Amino acid sequence: DYRGENMSEAARGTKRKKGVEPDPFDHERFVREGPQKRFIEPRLLYLIRKKPSYGYQLTEDIGRLPFPGPPPDSAAVYRMLRELERSGLVGSRWEHGEAGPSKRVYHLTPVGDARLEAWVDAFKERVRMLNGFIPMCEKAR
């Protein structure tokens, strides 16, 4: 059902109550969310699952993943990293190297791993919906 796509949060009844965090495994939210946030969260979770890393490297790597549109800018990546850490989906530690500044290295938590799996399930659902919609469009020609 695509009718709620352009409705406000209040009209859909999804407006967040003050101080109440959204359910991190809300499947419907994952299916709805997408291009407007450029899928930054699942891409970062994937990259961090693959290899714990620091912000600058994640900013470089995110653009190499197969998603449409331009890659998110570094400010959006850093904002999302802070949000992921605040939500307990990633953790971080400072790594001090021999040369250069210290780096904050992000790692996935068990909750973040489960969240990435929820994204994968949502992507599969989105693909299923699109695979149903495309033939409808082709028949309407």
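Listed by first and then second residue, the pairs linking a residue in the stretch 81-110 that is outside any strand (DSSP E or B) to a residue that is among the aromatic types (Phe, Trp, Tyr), with Cβ atoms under 6 Å apart and 6 or more places separating them unless they lie on different chains, are SER102/TRP94. All conditions in (1) among the hydrophobic types (A, V, I, L, M, F, W, C); (2) without any contact (Cβ under 8 Å) to a residue 24 or more places away in the chain; (3) closer than 24 Å to GLU117 by Cβ hold for LEU58, with the sole exception of (2). For the stretch 87-102, enumerate the residues that are charged (D, E, K, R) and modelled with pLDDT under 95. Matches in the stretch 87-102: GLU95, GLU98. If you check TYR2 against the conditions, is it at pLDDT 95 or above, surrounded by fewer than 17 Cβ atoms within 10 Å (Cβ to Cβ) and among the aromatic types (Phe, Trp, Tyr)? Judged against the criteria, TYR2 is not a match.
Residues in the stretch 39-75 that are surrounded by fewer than 16 Cβ atoms within 10 Å (Cβ to Cβ) and touching a Pro at 6+ places or on another chain (Cβ under 6 Å): 1 in all.
The values are calculated or read from the model by the stated rules, or taken from the named source; none is laboratory data. What you see is a predicted model; the values in this text were computed from it and never measured. Please note: Cβ atoms are built from the backbone with ideal geometry, for glycine as well, and neighbour counts cover all protein chains shown.
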